[in-house]
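A short reminder: the numbers here are calculations on the coordinates, not readings from a lab. Computed from a prediction, not measured in an experiment: that's the story for all the values here. Here the Cβ is made from the backbone with ideal geometry for all residues, glycine too, and neighbour counts use every protein chain on show.
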Amino acid sequence: MIPAFTIPDPITATLGIAEPGTIRTQPNPEYQMKTINPDNVVKPASNYAQGVIHGAAAQRIVISGQLGLRPDGTLEDGLEAQMERAWSNIFAVMAAAGFARENLLRATIYVTLPGQVALYREVRDKMLDGHLCAATYIEISALAAPEFLVEIEAEAVRE
């Protein structure tokens with residue numbers, strides 16, 4: 001078993017953020033996200049957008065790189081489980097700040113095992129459940145600890 005890592009208190013406890021969904025606004029079409037895949041640029045190789053436009057009158061959250069760590073600080077076993085947990089952690093941070101999955105604007109994925117793009121796409125498509133965002137997949141030699149196989153950082157916007 002991999003030892004536990006120290007995890008800070010949830011963002012809702014440390015920042016006193018209201019529960020998701022407590023503030024509701026009417027959507028403004030001017031500020032909704034729009035995906036861009038122009039005809040004069042190669043078609044995306046899978047389910048992502050070449051660009052995403054969002055109006056400037058919005059709240060923005062930048063989410064630090066998330067690992068495959070469970071809330072108790074233990075690490076998920078294997079790349080697929082770590083990918084799923086990292087995405088779940090992204091969505092947990094977003095939800096704590098009142099953001100929904102559909103607010104995800106972009107993600108950068110760092111993977112330490114070469115040749116895993118097909119697995120990444122499968123997990124991403126399952127976790128995003130049809131939502132498209134801008135995405136970059138990068139294979140690297142290592143993360144902060146050798147046990148960490150994936151790290152995902154993200155950005156989301158909402159009115």
| remark: With label points set 7 Å from each Cα along the Cα-to-Cβ direction at GLN32 and ALA100, the distance between them in nm comes to 1.1
| request: Return the long-range amide H neighbours of ALA49 (sequence gap of 5 or more, or a different chain), with a cut-off of under 5 Å between placed amide H atoms. | output: CYS133, ALA134, ALA135
| said: Using Cβ contacts closer than 10 Å as the measure, can you line up MET83, MET127 from fewest to most? | reply: MET127, MET83
| How large is ³J(HN,Hα) for each residue in segment 146-151, as worked out from phi by the Karplus curve 6.51 cos²θ - 1.76 cosθ + 1.60 (θ = phi - 60°), to whole Hz, x for Gly and Pro? | x, 6, 6, 9, 8, 9
| request: Could you pull out which residues in segment 128-159 have an amide N less than 15 Å from a spot 7 Å beyond the Cα of ALA81, following the Cα-Cβ vector? | output: 147-150
| query | From the backbone phi of segment 119-130, what are the Karplus-calculated ³J(HN,Hα) couplings (6.51 cos²θ - 1.76 cosθ + 1.60, θ = phi - 60°) in whole Hz, Gly and Pro given as x? | reply | 5, 4, 4, 4, 5, 4, 4, 5, 6, 7, 6, x
| Cβ-Cβ FRET estimate between ILE138 and ALA58, R0 fixed at 35 Å, reported to 0.05 | 0.85
| What is the projected area of the convex hull of the Cα atoms of segment 49-158, averaged over all directions, in nm²? | 6.8
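Kindly put ARG60, ARG158 in sequence by how many other C-beta atoms sit within 10 Å of each C-beta, fewest to most.
Working: ARG60 13, ARG158 21.
Sorted ascending by nearby Cβ count, the order is ARG60, ARG158.
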